[in-house]
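Trainee: First the structure, which I've put down as structure tokens, then a few questions once you've had a look.
The values are calculated or read from the model by the stated rules, or taken from the named source; none is laboratory data. Everything numeric here is computed off the predicted structure, so don't read it as measured data. All Cβ positions, glycine included, derive from the backbone under ideal geometry; neighbour counts span all protein chains shown. For accessibility, only protein heavy atoms count, side chains too; no ligands or nucleic acids. Shrake-Rupley method; radii C 1.70, N 1.55, O 1.52, S 1.80 Å.
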Amino acid sequence: MRSRFRPPRFGRLGTGSWIAIACLIALVTGTACASSTTGQQTGTGSIKHVIVIMEENRSFDNYFGTFPGADGIPMQNGQPTVCVSDPLTGSCSKPFHDTRDATVYGGPHTARDAVVDINGGKMDGFLKEFRAASAATCQGLQNPNCVQPVSPEVMGFHTAAEIPNYWTYASDFVLQDHMFEPTLSWSLPAHLFMVSEWSAICSTPGKASSCTSASDNVQCLEFCADSPPKGPTPDYAWTDL
């Protein structure tokens, strides 16, 4: 959920667009798929490999917002034409080209944060949530509630200059800019959706019938803090795909 100015979209079909259906198993932003063909095979019979690239804690606009032809960040003369209100400065902050190879925190990205970020489709709550999290007492690099109270990374986007491999995949294969992730939450729920189509919490160890949907309240002792507390091993009693 980090750095998202608009809903994550993937639907633009480039070279090899017939692979798109096979790519629909990808559940989060930034998906590329490749195939290998031999001889005169055509259609699905020519598919040898399906590769899903799961870009954790990234949004479509963060990686592909300025990709040619993609439904990303509105631009004019090389500059963004949209902005997001910043409650700290009272100004409207535009997306900026982030040339760093690594960002640390981004924005808070729980399901609750996502609801505020998206704001009924206005997509204008990112800096509001970022500033609120910056002012809160929060520890733990892996905690989805935490941010780094410095440069608002939530407004940054990359180009081919920083991630040439991803842009090459998008150019050579498929870039889907109108497909939406199934969970508004953070990394662990997204991983669970990726392998089992849902995220849940179970009241009885090893009993799938005791599991109920949980976008945020998952058992995450090993993920939620830099020094996770001792406790029972998280129990994911349901099956994979």
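Trainee: Which numbered condition trips up ASP61, out of (1) modelled with pLDDT of 50 or more; (2) surrounded by fewer than 20 Cβ atoms within 10 Å (Cβ to Cβ)?
Mentor: Tallying (1) modelled with pLDDT of 50 or more; (2) surrounded by fewer than 20 Cβ atoms within 10 Å (Cβ to Cβ), ASP61 fails exactly one: (2).
Here is a yes/no grid of residues against (1) under 12 Å from PHE157 (Cβ atoms); (2) outside any helix (DSSP H, G or I); (3) without any contact (Cβ under 8 Å) to a residue 12 or more places away in the chain; (4) touching a strand residue (DSSP E or B) at 6+ places or on another chain (Cβ under 9 Å):
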| residue | (1), (2), (3), (4) |
| --- | --- |
| THR66 | yes, yes, no, yes |
| ASP71 | no, yes, no, yes |
| THR103 | yes, yes, no, yes |
| GLY107 | no, yes, no, no |
| ARG112 | no, no, no, no |
| ASP117 | no, no, no, no |
| LEU127 | no, no, no, yes |
| SER134 | no, no, no, no |
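Trainee: Take the conditions open to solvent by less than 40 Å² (accessible area, probe 1.4 Å), hydrophobic (A, V, I, L, M, F, W, C) and either at pLDDT 75 or above or closer than 23 Å to PHE130 by Cα (or both) and apply them to PHE10. Does it pass?
Mentor: Answer is no for this residue.
Trainee: If you don't mind, there's one more thing I want to ask. Please go through segment 194-217 and pick out each residue that is among the small types (Gly, Ala, Ser) and in a strand (DSSP E or B).
Mentor: ALA200, SER213
Trainee: If only one of SER3, SER35, SER46, SER17 is more than 26 Å from ASP117 (Cβ to Cβ), open to solvent by less than 40 Å² (accessible area, probe 1.4 Å), at pLDDT below 50 and of a type in the set (S, T, N, Q), which one is it?
Mentor: SER35
Trainee: If you check ASP226 against the conditions, is it more than 18 Å from GLY106 (Cβ to Cβ) and either surrounded by 13 or more Cβ atoms within 10 Å (Cβ to Cβ) or modelled with pLDDT under 90 (or both)?
Mentor: No: the conditions fail for ASP226.
Trainee: Considering segment 89-118 alone, what residues qualify as being exposed (fewer than 15 other Cβ atoms within 10 Å of the Cβ), modelled with pLDDT under 90 and of a type outside the set (Val, Ile, Thr)?
Mentor: The answer is ARG100, ASP101, ALA102.
Trainee: Turning to a different aspect of this structure: I'd like to check something: does segment 124-145 contain any residue that is surrounded by 14 or more Cβ atoms within 10 Å (Cβ to Cβ), closer than 18 Å to PHE64 by Cα and at pLDDT below 85?
Mentor: no
Trainee: Return the residues of segment 165-187 that are assigned to a helix (DSSP H, G or I) and open to solvent by less than 10 Å² (accessible area, probe 1.4 Å); say none if nothing qualifies.
Mentor: ALA170
Trainee: Does ALA160 satisfy being outside any loop (DSSP other than H, G, I, E, B) and at pLDDT 90 or above?
Mentor: When the stated conditions are applied, ALA160 does not pass them.
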